[in-house]
Amino acid sequence: MTPTPKETEHSVFLSIPPSQLQKPQMASSSLCLFVLLLFIAHHSSITSSAPVFLPLTNSLSTSRFNSTHHLLLKSASARSAARLRHHRLGHHLSRRGRRQVSLPLSPGSDYTLSFTLDSHPPQSVSLFMDTGSDLVWFPCAPFDCILCEGKPNPNGRHPAVALNLSSTSAVSCKSPACAAAHSSLSSSDLCAAARCPLESIEISDCASFSCPQFYYAYGDGSFVATLYRHSVSIPTSPPALVLRNFTFGCAHSALGEPVGVAGFGRGSLSLPAQLARLSPQLGNRFSYCLVSHSFEPDRVRRPSPLILGRKEKVFGNEEAEFVYTEMLDNLKHPYFYCVGLQGISVGRKHIPAAENLKAVDGRGNGGMVVDSGTTFTMLPAGLYGSVVAEFERRLGQVHKRATEIEDKTGLSPCYYFDNDTIASVPTVTLHFVGRGSSVVLPRRNYFYDFMDGGNGGGRRSRVGCLMLMNGGDEAEAEGGPVAILGNYQQQGFEVVYDLEKRRVGFARRRCTSLWDSLNQH
């Protein structure tokens, strides 16, 4: 028999350095945190509505790339396409008892969030922040990662955490968390897998048996993990956010994935969902603002702000209000943030979207996923073809098509430009479902402008490529979402996920300035 899991109550608090508590003169935000600390001393959950600010680090700022822009773009475009394919396949895997979890793999397109395992000594680890999956999992020592050679790892020489089982709680096979990790299998099935005797299963007396290992699969990799509860903390500005009895997966083996993930999706095991059960104000509304990088590491030295408990009030010198669109329910993919897309405008040309992009049907097919873990936006073949045709009509008659660059990068169409003609690129506007729910993209978000070095030291040419990608023919797909809004197109916007009002919002921001403004409050 396995040791009895400790099903203790969750708690969360903000730890404040003693130096701040000793100051007689406090800023309003510090005073709020002080009151919050006193309150939590007598309660098990947070009721304060003070937002929490966390830094997201782009993997470009922590990795050294020896590849050219061509290889980097080729990798990102291939990963984006693979991610859409396994988003669509997820519900087929779940029918076999295996729920698909999509993991970001592409170097240069991922945003990491730092966690600290409250052990002796404390252990820090960086996880990919991913709104397209719903589980937080850590690589745990001993950790064996197959086919991971050459993949960037922000955790350097310490890629896995050492879990002390004597101070860590196992999760019971009867726990709802166990059922969630196993695609909502019954507790009887899970406890049978945990070797609980039949007579105990019949009288529901298996609480002392631990949740069995679970298998997660994704596009080109997988991992096996066990659920645990332990205290973890997340560095915030200025105090640390500490989560007691936080549920996470501990993986000792993985295929193709050397880095863990902080799932921010709509599932019950995601970080926002667990936080919302403890503090609805923090978990039910969060936002991030991704610093524009154009695959240049020097542009992401500053962190991208992640805000838990995002208020509707304006921060600092914000000018743009949020443009909102409704979240769509997806019974087959309940952890996705799905929205409807009415169409796309290229310049003044409006291109309507097919009906399956505007809504999700009862079988879980349709809609667009807003995903922080996919690099480029993926569009169904018909809509993508119409967008490309309009770009070709506007640019193809004036600029030479850079077909060799298209082959190298996986992007299309690409054109050669003179230095003074890049301004001729038409604007792109995304029209989401809802009144006034249109978002005009900055040109750098959809058209990548760079210098091609030429072959063998030849003449350098200026090249521009469309950064939207062909997601394939949705009629030939096996169902699921038909489009993804990638993180590259989200750069320079604050994207808010409002779970209470069931909506996603977008507002233009200078993300570095927003980070500075947040730290002044």
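The values are calculated or read from the model by the stated rules, or taken from the named source; none is laboratory data. Because the structure is a prediction, the values reported are computed rather than measured. Reconstructed Cβ throughout: ideal geometry from the backbone, glycine too, with neighbour counts over all protein chains shown. We work out accessible area using only protein heavy atoms, side chains counted, and drop any ligands, DNA or RNA first. Shrake-Rupley method; radii C 1.70, N 1.55, O 1.52, S 1.80 Å.
Using a cut-off of 19 Å between Cα atoms, the listed pairs 174/332; 311/501; 332/358 include 174/332 as exceeding that distance.
Pairwise Cα distances in the stretch 187-228 exceed 13 Å in 55 percent of cases. A simple packing score, the average count of other Cβ atoms within 10 Å per residue, orders the peptides 506-513, 174-181, 369-376, 434-441 as 369-376, 174-181, 506-513, 434-441, with the highest score first.
For the stretch 128-166 versus the stretch 356-379, the spacing of their alpha-carbon centroids is 28 Å. For the stretch 233-284, with all protein chains in place and a probe radius of 1.4 Å, 56% of the accessible heavy-atom surface sits on carbon or sulfur. Two decimals is fine: what's Rg over Rh for the stretch 330-412, C-alpha atoms, Kirkwood radius as Rh? Ratio of gyration radius to Kirkwood radius for the stretch 330-412: 1.05.
Summarising the label geometry, the points placed 7 Å from Cα in the beta-carbon direction at residue 462 and residue 124 lie 4.1 nm from one another. In terms of its C-alpha gyration tensor, the stretch 317-370 has an oblate overall shape, because the principal axis ratio a/c (a ≥ b ≥ c, square roots of the eigenvalues) is not below 1.5 and a/b does not outweigh b/c.
What list of ³J(HN,Hα) values in whole Hz, one per residue of the stretch 393-401 in order, does the Karplus curve 6.51 cos²θ - 1.76 cosθ + 1.60 (θ = phi - 60°) give from phi, with Gly and Pro shown as x? My calculation for the stretch 393-401 gives 5, 7, 10, x, 7, 10, 10, 6, 6 Hz in order. Round to a whole angstrom and tell me the spacing of the C-alpha centers of the stretch 187-212 and the stretch 273-289. Computed from Cα coordinates, the inter-centre distance equals 33 Å.
Ordered by packing density, taken as the mean number of other Cβ atoms within 10 Å over each peptide's residues, highest first, how do 114-123, 341-350 rank?
341-350, 114-123
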